[in-house]
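Here's the structure, in structure tokens; my notes come after.
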Amino acid sequence: MNIFLIGPMAAGKSTIGKALAKTLKLQFFDSDAEIEKRCGADIAWIFDVEGEQGFRQRETAILDELTNKKGIVLATGGGVVLASGNRSMLGGRGIVIYLQASVEQQLARTEKDKKRPLLQTDNPRLRLESLHKQRSPLYEELADIILRTNSHSIHSVVSDIVKQLDDLKGK
């Protein structure tokens with residue numbers, strides 16, 4: 001069983017993914033961390049040098065490799081759903097869980113974060129609202145499970161996921 005976590009930046013995909021993998025005794029991967037590890041540079045630098053298109057190409061290559069593994073939990077980048085090929089890989093190779101977060105929660109969680117290239121703007125709220133409008137329908141269409149992460153503890157979200165996974169298996 002593969003579990004893929006999708007959703008906006010700062011929804012908790014990496015944090016929840018690590019806890020979920022530990023609970024289910026699966027291996028955890030973070031696609032952004034894998035890109036950084038292999039490039040020897042952070043995402044912001046890749047965006048600066050290669051632009052968003054260059055980053056997205058790297059993201060698709062890593063996604064293809066990771067989604068072909070078995071028995072993993074994968075935290076994806078927020079924009080992974082933009083490419084139809086990525087959506088096909090995710091939907092066809094595992095269970096997709098959309099972790100929802102409000103724009104307010106995203107703002108609070110990213111307030112001091114200077115490593116998110118898409119938020120290096122004069123109006124981060126406007127950017128997050130625009131991203132939400134563009135990406136939310138894609139997340140919803142792809143997801144097998146949808147969970148809101150606002151003000152829920154990591155343990156609570158992981159417990160909800162495990163219960164819903166059990167429900168899916170029972171079908």
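Between a residue in region 142-171 that is more than 11 Å from Ala19 (Cα to Cα) and any residue that is outside any loop (DSSP other than H, G, I, E, B) and basic (Lys, Arg), which pairs come within a Cβ distance under 6 Å, given they are 6 or more apart or on different chains?
Correct list of pairs: Leu142/Arg87.
Restricting to region 66-94, give me the number of residues that are in a helix (DSSP H, G or I), closer than 16 Å to Phe29 by Cβ and of a type outside the set (A, V, I, L, M).
Total meeting the criteria: 3.
Anything in region 147-171 that is surrounded by fewer than 16 Cβ atoms within 10 Å (Cβ to Cβ), at pLDDT 90 or above and of a type in the set (A, V, I, L, M)? List them, or say none.
Result: Ile154, Val162.
If a residue has to be outside any loop (DSSP other than H, G, I, E, B) and either modelled with pLDDT of 80 or more or within 26 Å of Val157 (Cα to Cα) (or both) to count, how many in region 101-118 make the cut?
Of the residues in region 101-118, 8 are outside any loop (DSSP other than H, G, I, E, B) and either modelled with pLDDT of 80 or more or within 26 Å of Val157 (Cα to Cα) (or both).
Going by the structure shown, is Ala21 outside any strand (DSSP E or B), surrounded by fewer than 20 Cβ atoms within 10 Å (Cβ to Cβ) and among the small types (Gly, Ala, Ser)?
When the stated conditions are applied, Ala21 does not pass them.
Quick one: is Gly79 crowded, with 23+ Cβ neighbours inside 10 Å, of a type in the set (Gly, Ala, Ser) and closer than 16 Å to Arg135 by Cα?
Answer is no for this residue.
Output the residue which, of all residues in region 34-59 that are surrounded by fewer than 16 Cβ atoms within 10 Å (Cβ to Cβ) and either among the polar types (S, T, N, Q) or within 14 Å of the chain's Cα centre (by Cα) (or both), is modelled with the highest pLDDT.
Per the criteria, the residue is Gln57.
Checking the structure you have, find out if any residue of region 84-100 is free of Cβ contacts under 8 Å to residues at least 60 places away in the same chain and of a type in the set (A, V, I, L, M, F, W, C).
Yes, region 84-100 contains at least one residue that is free of Cβ contacts under 8 Å to residues at least 60 places away in the same chain and of a type in the set (A, V, I, L, M, F, W, C).
Among the residues of region 119-171, how many are part of a helix (DSSP H, G or I) and of a type in the set (Ser, Thr, Tyr)?
Number of matching residues: 5.
Assess whether Ile72 counts as being in contact with an Asp or Glu (Cβ under 7 Å, 6 or more places away or on another chain), more than 21 Å from Lys133 (Cβ to Cβ) and of a type outside the set (Asp, Glu).
no
Just for region 124-143: of the residues that are surrounded by fewer than 16 Cβ atoms within 10 Å (Cβ to Cβ) and touching a helix residue (DSSP H, G or I) at 6+ places or on another chain (Cβ under 9 Å), which one is modelled with the lowest pLDDT?
Within region 124-143, the match that is modelled with the lowest pLDDT is Arg125.
The values are calculated or read from the model by the stated rules, or taken from the named source; none is laboratory data. Note that this is a predicted model, so its numbers are computed, not measured. With ideal geometry, Cβ positions are generated from the backbone for all residues, glycine too; neighbour counts draw on all protein chains shown.
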